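What follows is calculated from the coordinates using simple rules that are stated; it is not laboratory data. Owing to the predicted nature of the structure, the values given are computational and were not obtained by experimental measurement. Cβ placement follows ideal geometry from the backbone for every residue including glycine, while neighbour counts extend to all protein chains displayed.
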Amino acid sequence: MKISIGKHGVVLLGLMMMMIYVANGEEHGTRKIGVGVILDMDSQVGKSIRVSILMAIEDFYKDTNNSTSIIIPHFRDSKDDNVEAASAAIDLLKNTQVLAIIGPQKSSQADFVLDIAQRSNVPMISPATNPDLSPIRTPYFIRIAQASSIQAQPIAALVKSFGWREVVFVYEDTDFGRGPIPYLSDAMVNISAQVKYRTLLPSSSSDDRILQELYKLKTMQTRVFVVHMLPALASRFFKKADEAGMMAQGYAWIITDVLTGLLHQLDPQAIDAMQGVLGVKPYIPPSNQLTNFERRWRRRFHKEYPDIDKVEPDIFGIWSYDFVIGLAIALKRVENEKSTFKKPRKALTDLDAIGTSEMGSRFLPFIRDIRLKGMCGDFQVVNGQLQTSAYQIVNVIGKGEKHIGFWNSRYGISNRLSHNQSLDYTTNKDDLGAIIWPGDSPQFPKGWEVATGGDNILRVGVPPKGGFIEFIKASKDPKTQVVSASGFCVDVFKAVIEALPYDVPYKFIPYENSNGEPIGDYSDLVYQIVLEKFDMVVGDVTILWNRSNYVEFTLPYSESGVSMLVPVTVDDSKDTWIFMRPLEKELWITIGGFFIYIGFVVWALEHRVNKEFRGPPHQQLGMIFWFSFSTLVFAHKEKMMSNLSRFVVIMWIFVVLVLTSSYTASLASMLTVQKLQPTLTNISQLKARGDYVGYQDGSFVGDMLKDMGFAGEKLKKYANIKEYANALSKKEVSAIVDEVPYLKMLQANNSRKYAMVGPTYKTAGFGFAFPKGSPLVTDFSKAILKVIEGQMSDIADKWFRDEADCPGKNEDLEPFDKLTLDSFKGLFIVAGLSSTSALVVFLFMLLYENKEILVSDGSMHSKLTAIVQSFDNKKDQKPSEIETVRDSNMYIQEIIIDHLTLSPAISVYHQGEGVFSPASPIHQ
């Protein structure tokens with residue numbers, strides 16, 4: 001015969017068994033310690049925790065010698081109401097005088113009860129997850145669950161691992177729901193992900209309200225959703241999400257730890273709707289002890305609640321079991337303490353009448369730090385907070401969940417918990433197991449869809465111009481109305497699309513009117529993104545600061561800068577005065593001045609002692625010019641008598657050697673190399689001459705030239721390369737100013753006609769334009785880098801002529817650089833100082849020889865006249881001085897001969913009777 005015991009009968013049976021334990025304990029002298037338990041008895045979590053608490057007490061006190069004190073649980077039903085929970089706490093503290101309170105399980109109820117427990121010095125042990133409840137701020141609060149803020153890191157790691165840049169939060173409007181949102185938002189900021197939207201749903205939301213919010217989310221571009229709800233609301237939410245078509249391919253859903261841990265509480269229809277969802281939950285390692293506990297737990301639960309068919313032990317029940325074991329162990333350490341409440345003499349309110357627990361403050365330290373080997377592995381409570389070393393990542397598949405990986409704070413995402421200590425934190429999606437995404441797809445969602453076009457196809461705006469077709473050309477088939485595009489920019493775009501880790505369907509839309517004519521310039525084209533007519537723009541669109549104010553650009557994929565292209569003239573080197581061109585005018589004048597000055601110095605030093613420098617005035621004047629200029633070709637025959645003049649001549653000859661060598665090299669280069677000379681050298685010269693300038697129609701370069709000071713009437717617009725070439729050849733303009741890629745293309749096609757000269761004004765180059773905040777910008781930029789490193793050279797070779805094939809590439813297109821005065825400034829300083837120093841020394845010697853004149857009586861005019869006469873008089877030389885002069889002249893001539901031997905570019909001379917005359921080479 002089957003005996004049926006009702007629900008209340010089972011409860012009475014349990015209490016009778018507890019009374020038997022107590023009676024046996026009393027026989028052995030044990031003491032009963034009351035512990036209050038406040039749970040929502042209608043919820044599965046409340047029932048699970050209740051069964052786990054009863055099992056823990058029974059398992060710990062099976063051995064009656066285990067303790068002299070025994071825990072007696074006093075259960076109270078909060079009835080899912082904050083006031084009921086507070087009333088239950090007051091009853092337990094006032095009438096039962098419990099040592100501690102386990103519960104309530106909900107954050108809003110725990111917040112009510114905590115103030116009462118804190119005031120009474122009674123520890124409150126709760127699985128409430130709201131991070132606003134802090135064991136640090138309120139020491140009598142002990143959390144035996146994970147604060148919901150901790151899961152922000154594993155969820156952020158998941159988002160980062162798949163490269164998602166935008167997420168949407170969906171959470172219920174309760175203390176539980178709102179608690180982790182600020183922490184999740186901060187975690188997204190740390191991985192450079194943007195929270196695009198937050199949907200807040202009351203727990204009592206109707207199905208119509210849920211469906212209305214889902215359709216609103218569906219119109220957005222973001223396809224990654226983080227859901228934080230309790231099972232009751234989540235079950236209805238995901239059913240409606242499936243009904244709205246949002247559990248299909250391309251969507252990504254992540255659920256938080258509480259919902260992941262309670263998936264077994266959802267009905268089968270909700271689980272079917274959640275296929276492909278990812279979830280995170282604290283990891284509990286499997287063990288034989290846990291398996292045995294779960295089997296006993298199911299049996300015990302069915303005895304307690306026979307009306308519930310399918311149930312599984314949840315993580316809150318397992319944590320509660322382990323903590324009650326730790327609570328019983330801690331009680332043994334204070335079992336000799338008195339468990340009484342100290343009440344005030346006069347109580348004005350019921351709260352005052354409760355009093356304060358005398359044992360609570362001494363018992364608290366032992367339960368704020370608990371370490372034991374429990375059902376969940378290493379069960380640790382540190383400073384009132386349960387510790388969890390790792391999170392498990394699961395994928396909802398079939399009727400349950402599938403393990404795909406782990407996350408911990410040390411190593412990040414991984415497929416196993418044991419690691420080499422040298423590994424760093426990582427968020428690599430490849431470390432996860434195989435995932436089946438919504439829509440039964442193995443391809444992970446890109447996290448973003450184009451919703452503005454209505455058909456989830458990327459609307460790509462392109463300029464319809466037909467000028468620079470090498471860069472981009474768009475055309476529409478008149479029959480099918482299908483738009484096709486080609487060119488360098490289009491090939492780069494297609495290569496970037498292929499380099500993306502996901503598929504992006506797209507279609508080209510020319511920016512033109514019904515007649516196929518362009519509507520505006522490039523800035524107008526880019527602005528169509530703001531007007532939501534295009535989802536992006538592809539073309540030779542330059543990245544400019546004013547455009548970046550309303551759109552966002554990718555990294556550039558082309559060369560940058562604005563420069564000038566001018567015609568070149570062939571220098572055939574047949575100029576009559578070509579011998580003057582190696583040196584600039586200032587250098588010629590300086591050299592001539594120094595020749596005269598050196599000749600004067602040498603004449604002054606040699607006039608008194610050398611007959612070659614004496615004679616009539618006109619002869620002496622001629623000698624000054626003759627001697628200095630004869631040193632240019634080393635044809636001077638005069639012997640130096642003065643040591644000072646020898647010093648001057650040696651220094652000057654060194655200067656002449658350098659000058660003649662440099663001049664000879666430059667002249668030889670001009671005579672042997674044919675050069676292409678640009679007609680202009682820089683934009684400033686172009687502006688100063690007031691010449692006409694050409695630029696590309698629709699380009700920003702026109703405004704740039706006006707900002708540089710060019711008059712509007714001097715600027716001419718052209719549409720293509722052919723017009724550029726015609727304008728230059730017909731001399732309609734003196735130069736073309738445009739971006740470097742266009743000029744290089746024109747120059748490559750006409751390499752012997754044009755030269756790119758002048759400074760290059762930097763720009764950012766060509767880029768793809770997107771709406772502000774578009775997640776595609778980052779992905780496209782990464783793909784552009786990949787294309788630049790791989791296919792870019794092949795794409796460029798396809799559309800542009802290789803510069804290596806240009807006949808004029810290796811020719812010097814720069815103007816001939818003349819030798820300047822600055823190049824020889826040091827030489828002239830040395831020559832000037834040496835000659836001037838010698839002249840000053842000579843003057844001092846002359847004055848010293850005529851010191852009698854200086855100290856004699858007479859006018860200054862007469863003294864100067866006498867000194868001048870003394871200077872003009874010939875000074876006799878001693879035989880030894882003559883020999884010294886001869887030796888010095890021979891030394892100077894040997895230096896010259898040695899130099900001539902080493903300098904074949906200069907005519908060779910040999911010495912003959914004091915004069916240098918042409919002869920055969922030195923080696924003869």
Considering only DSSP beta bridges with both partners in the stretch 459-560, what is the antiparallel share in %, to the nearest 5? 45
Would you give the gap between the C-alpha center of the stretch 255-301 and the C-alpha center of the stretch 69-145, rounded to a whole Å? 26
Between K479 and K798, how high is the FRET efficiency from 1/(1 + (r/R0)^6) when r is the Cβ-Cβ distance and R₀ = 30 Å? Nearest 0.05. 0.60
Counting other beta carbons within 10 Å of each Cβ, put F60, F844, F768 in order, fewest first. F844, F60, F768
Nitroxide proxy distance, nm - points 7 Å out along Cα→Cβ at W545 and V83: 6.4
Roughly how many nanometres apart are two label points built 7 Å out from the Cα toward the Cβ at A719 and E789? 4.2
Pull up the DSSP beta bridges for the stretch 165-303 and report the antiparallel fraction as a percent, rounded to 5. 0
Which of the chymotrypsin sites (Phe, Trp or Tyr not before Pro) found in the stretch 501-593 are loop residues per DSSP with 10 or fewer other Cβ atoms within 10 Å of their Cβ? W545, W577
Rh_Kirkwood(the stretch 459-560) over Cα pairs, Å, one decimal, evaluates to 14.2
Virtual spin-label span in nm between I578 and D857, 7 Å along Cα→Cβ: 7.4
Identify the trypsin sites (Lys or Arg not before Pro) of the stretch 363-411 meeting these criteria: DSSP loop state and at most 11 other C-beta atoms within 10 Å of the C-beta. K399
Please tell me the relative contact order of the stretch 459-560 in percent, rounded to the nearest whole number, where contacts are Cα pairs under 8 Å and at least six residues apart. 33
Short version: ³J(HN,Hα) in whole Hz for each residue of the stretch 529-536, in order, from phi by Karplus 6.51 cos²θ - 1.76 cosθ + 1.60 (θ = phi - 60°), x for Gly and Pro, what are they? 5, 5, 7, 6, 7, 10, 8, 6
Do any GluC sites (Glu not before Pro) in the stretch 700-762 lie in a DSSP loop with no more than 13 other beta carbon atoms within 10 Å, and if so, which? E732
